[in-house]
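The values are calculated or read from the model by the stated rules, or taken from the named source; none is laboratory data. Because the structure is predicted, anything quoted here is derived from the model rather than measured. Here the Cβ is made from the backbone with ideal geometry for all residues, glycine too, and neighbour counts use every protein chain on show. Areas reflect the complete protein model, heavy atoms only, side chains present, ligands, DNA and RNA absent. Shrake-Rupley method; radii C 1.70, N 1.55, O 1.52, S 1.80 Å.
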Amino acid sequence: CKYHVVWCPKYRRPVLTDGVDARLKAIIAEVAAERGAIVDELEVMPDHVHLLVDADPQYGIHRLVKQMKGRSSRMLRDEFPHCRTRLPSLWTNSYFVATVGGAPLDAVKRYIENQKHV
């Protein structure tokens, strides 16, 4: 199944800049590879993350997102001190997820690719 996933830092703070975004992309790719998921598209904005991922529905998208958010929170807060200030945790508890397929897949890919230009 292909999933469109979106999540944000706590209080929607714009902390995903200055190298944090590149490191976050590497961590997400690492977790996806370990779990056999394929990241089709990924865009990190200063205050949210858009992810288009192909994952095994039997493994569960909720488990994959939990591992991505958990590992990235721990590692980013260790490596970038500004991710610890004024934030009790890096991510909110919630996230958006929707399955994508067929014709809408191209539209979602274009939407995620163009996030930086909106």
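Checking K25 against (1) touching a strand residue (DSSP E or B) at 6+ places or on another chain (Cβ under 8 Å); (2) touching a residue at least 24 places away in the same chain (Cβ under 8 Å); (3) open to solvent by 50 Å² or more (accessible area, probe 1.4 Å); (4) over 20 Å from T99 (Cα atoms), only one condition comes out false. Which one?
Exception for K25: condition (2).
Across segment 96-111, what is the total count of residues that are surrounded by 14 or more Cβ atoms within 10 Å (Cβ to Cβ) and modelled with pLDDT of 95 or more? Can you show your working first?
Step one: list which residues in segment 96-111 are surrounded by 14 or more Cβ atoms within 10 Å (Cβ to Cβ), which gives 97, 100, 104-105, 108-109, 111.
Restricting the remaining residues to those that are modelled with pLDDT of 95 or more gives 97.
Of the residues in that region, 1 qualify.
Taking only segment 52-95 into account, find how many residues are in a loop (DSSP other than H, G, I, E, B), in contact (Cβ under 8 Å) with a residue 40 or more places away in the chain, more than 16 Å from K10 (Cα to Cα) and open to solvent by less than 20 Å² (accessible area, probe 1.4 Å).
1
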